[in-house]
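The values are calculated or read from the model by the stated rules, or taken from the named source; none is laboratory data. It should be emphasised that the depicted structure is a prediction, and the values quoted were computed from it without experimental measurement. Note: ideal-geometry Cβ built from the backbone for every residue, glycine included; neighbour counts use all protein chains shown.
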């Protein structure tokens, strides 16, 4: 398959590292192992060794110091102790070396002293690329260069996928994979003192030898650069798959809001990946299998698949496992059913076959190449509208283990027939064994020769197909807006103050005033009964019984105001017009309540969250997240993904909400949030919805205040007291 147009162009500062013509190995046994790995991969460039006392490393003559090298290396493995590493890197930089891969540990990962040493390392490099420190190195299988102080499983390849990870051991494990998926480059980055994931992605996407990129990410440090690299990948048709690990406590620091207990930085990263067309996975096998399918198939035209198996049990598994995925299993129309029955051979046996999708073609054509191919061709052939978009064959072979003495000859016709059918129909084909051990290497290789994608598991195949369909419909979305870290002290605005900000941006809020308890009745009558009385200075009012609804006369208002003030120790309350008429009724017949929040999610951007709101917000945990800016269609898509969507559409006779007004209110809340200097988070809960519009019933807003302002305020308070 092809992956976009011509790629490459101007050289990056990592070009010499990825395609070195000369490599220096500096150190003892680790450097010696790296030389052995270069030889195993067939590196035909210059190999130089540096050691102060040894005569050779793995047969390569040694020079005593970097200064004695016969030339300037394109790349160097620096496998000496951490203090010597800084000195050696400085000498390499001074001579104009291309890059240094630093193996030693004991830098920023061990504390302040190590962090200072790491800063000294970067300073010594003086702009020369440094990979690591505390990393396992890099392998460029395209040229056979392994700056890698251990064994590894890569094989020489002209082109293939690239793998980038912060973890050396995960990098090693990835090289040991045995799928029929060539690996072009492996880069382990360790502490990322200099070269980071973003720069690696940028360079790999531009490399014509790279067909797809797999990333293991703990955290990003330069989101704009990452976004731009992903845009390039999408434009050039290079799939990017990411395994994101490590959870941040940053979200938990925003303790005042409901959102913090529902949404952390992980959701922000997910929203970022969705925005820039990166496929996220949850495990190392899923990373490899998804890369494998995307690398071979690229993007599908749609998500309609047809599944074939000679077992109703396998057909049921495919149907069940597809249920939670964005895949469609369209049924066959009548004419296709007739053609499939005819291909099966007709007669009483064919009449017993239920021709449906997933399709159990039964075993009576097992071993009959002509009927197998004819049946499969009819099943996978495309309709005038292009369906199906891909085909799946579930087929387990006798394993290479205890069943290796079985005669597998009767299995091969099925695989051959499926390959021929997919080729004839022009339909991408995936074959999957239900168990890893039932897909021998010889079968995988033959499937590849047939133009198929072999996958070691039904779930893995379906997830890969879903990813291919998702990749095929990717769009160029706007870059997320940057959001810096919180630097000052967080201050929570009162509900009235937060609502005043929202009103300034056209967000509908009820009329209301913060008043002394004695004035509550007069204000209520001026606003118009019924009203709501709320506590002030309390973030979660329902937890202290700080809200009184449906107050329809003066006596009820006065009693509620006095009770709430006494319970909270305040002499002031918030009096507001009641919204929705039946706010006290939390049944499905009442107004719909949503949560809408915008929060700073450093380093990713501004995270917009929508979800089921009200008092059960944390119990239901029904939310969807987007990054700002978000289009109206983005917001509508997020709302469609909520479990409470039926309430928005109208449920059991109740009217649906005004969706246009809802989207507009969400957009305005987002605009208000971004306009507030120092905003940490704004949360609206609930946003009350009905057929007439959307109204903010409660709002919480946190802003950061520089420490100097906090100190000044404290001084003023002391003077006043």
Completion exercise
Going through (1) buried (at least 16 other Cβ atoms within 10 Å of the Cβ); (2) assigned by TED's automatic domain parsing to the domain that holds residue 394; (3) assigned to a helix (DSSP H, G or I) one by one, residue 342 fails only at (1)
Fill in the blank from the handout: Residues in the stretch 17-32 that are surrounded by fewer than 22 Cβ atoms within 10 Å (Cβ to Cβ) and within 25 Å of residue 158 (Cβ to Cβ) total 3
Handout entry: Residue that is nearest to the chain's Cα centre (by Cα) [pool: residues in the stretch 417-467 that are part of a loop (DSSP other than H, G, I, E, B) and closer than 19 Å to residue 379 by Cα]
Key = 428
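Condition check ((1) in contact with a helix residue (DSSP H, G or I) (Cβ under 7 Å, 6 or more places away or on another chain); (2) surrounded by fewer than 24 Cβ atoms within 10 Å (Cβ to Cβ); (3) assigned by TED's automatic domain parsing to the domain that holds residue 47) across all residues:
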| residue | (1), (2), (3) |
| --- | --- |
| 157 | no, yes, yes |
| 167 | no, yes, yes |
| 188 | yes, no, yes |
| 198 | yes, yes, yes |
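Yes/no matrix, rows are residues, columns are (1) surrounded by 24 or more Cβ atoms within 10 Å (Cβ to Cβ); (2) at pLDDT below 95; (3) in the same structural domain as residue 34 (by TED's automatic domain parsing); (4) within 17 Å of residue 31 (Cβ to Cβ):
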residue: 49; (1), (2), (3), (4): yes, no, yes, yes
residue: 52; (1), (2), (3), (4): no, no, yes, yes
residue: 55; (1), (2), (3), (4): no, no, yes, yes
residue: 65; (1), (2), (3), (4): no, no, yes, yes
residue: 89; (1), (2), (3), (4): yes, no, yes, yes
residue: 120; (1), (2), (3), (4): no, no, yes, no
residue: 123; (1), (2), (3), (4): no, no, yes, no
residue: 127; (1), (2), (3), (4): no, no, yes, no
residue: 138; (1), (2), (3), (4): yes, no, yes, yes
Exercise for the section: Please verify whether the stretch 523-539 includes one or more residues that are crowded, with 17+ Cβ neighbours inside 10 Å and over 51 Å from the mean Cα position of the chain (by Cα). Expected result: no
Practice task
Working carefully through the options 363, 377, find the one that is surrounded by 14 or more Cβ atoms within 10 Å (Cβ to Cβ) and within 21 Å of residue 432 (Cβ to Cβ).
Solution key: 377
Handout entry: Condition met for residue 635 (crowded, with 21+ Cβ neighbours inside 10 Å, touching a residue at least 60 places away in the same chain (Cβ under 8 Å) and not in a strand (DSSP E or B))
Key = no
Exercise for the section: Could you grab me the full set of residues in the stretch 343-355 that are within 20 Å of residue 417 (Cα to Cα) and either under 44 Å from the mean Cα position of the chain (by Cα) or touching a residue at least 24 places away in the same chain (Cβ under 8 Å) (or both)? Expected result: 343, 344, 345, 353, 355
Handout entry: When residues of the stretch 311-339 are limited to those that are closer than 16 Å to residue 379 by Cβ and outside any helix (DSSP H, G or I), the one nearest to the chain's Cα centre (by Cα)
Key = 328
Fill in the blank from the handout: Taking the stretch 41-60 and keeping only residues that are without any contact (Cβ under 8 Å) to a residue 40 or more places away in the chain and either farther than 14 Å from residue 21 by Cα or in a loop (DSSP other than H, G, I, E, B) (or both), one is left with 49, 50, 51, 52, 53, 54, 55, 56, 57, 58, 59, 60
Completion exercise
All conditions in (1) more than 20 Å from residue 170 (Cβ to Cβ); (2) part of a loop (DSSP other than H, G, I, E, B) are true of residue 104 except (1)
Problem - Residue count for the stretch 236-248, restricted to those that are modelled with pLDDT under 95 and surrounded by fewer than 20 Cβ atoms within 10 Å (Cβ to Cβ) - result: 4
Handout entry: So residue 273, is it touching a strand residue (DSSP E or B) at 6+ places or on another chain (Cβ under 8 Å), in a helix (DSSP H, G or I) and without any contact (Cβ under 8 Å) to a residue 60 or more places away in the chain
Key = yes
Handout entry: Residue identified as farther than 19 Å from residue 304 by Cα and in contact (Cβ under 8 Å) with a residue 24 or more places away in the chain among 483, 469, 461
Key = 483
Fill in the blank from the handout: Scanning the stretch 123-159 residue by residue, those free of Cβ contacts under 8 Å to residues at least 60 places away in the same chain and not in a loop (DSSP other than H, G, I, E, B) turn out to be 123, 124
Exercise for the section: Taking the residues in the stretch 295-312 that are within 23 Å of residue 344 (Cβ to Cβ) and at pLDDT 95 or above as candidates, determine which candidate is surrounded by the fewest Cβ atoms within 10 Å (Cβ to Cβ). Expected result: 304
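Residue-by-condition table, conditions (1) in contact with a helix residue (DSSP H, G or I) (Cβ under 6 Å, 6 or more places away or on another chain); (2) outside any loop (DSSP other than H, G, I, E, B); (3) modelled with pLDDT of 90 or more:
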residue: 611; (1), (2), (3): no, yes, yes
residue: 618; (1), (2), (3): yes, yes, no
residue: 625; (1), (2), (3): yes, yes, yes
residue: 642; (1), (2), (3): no, no, yes
Exercise for the section: Return a yes/no flag: does the stretch 395-409 have any residue that is in contact with a strand residue (DSSP E or B) (Cβ under 8 Å, 6 or more places away or on another chain) and modelled with pLDDT of 95 or more. Expected result: yes
Exercise for the section: Using the structure shown, decide if residue 490 is under 30 Å from residue 433 (Cα atoms), under 33 Å from the mean Cα position of the chain (by Cα) and in contact (Cβ under 8 Å) with a residue 12 or more places away in the chain. Expected result: no
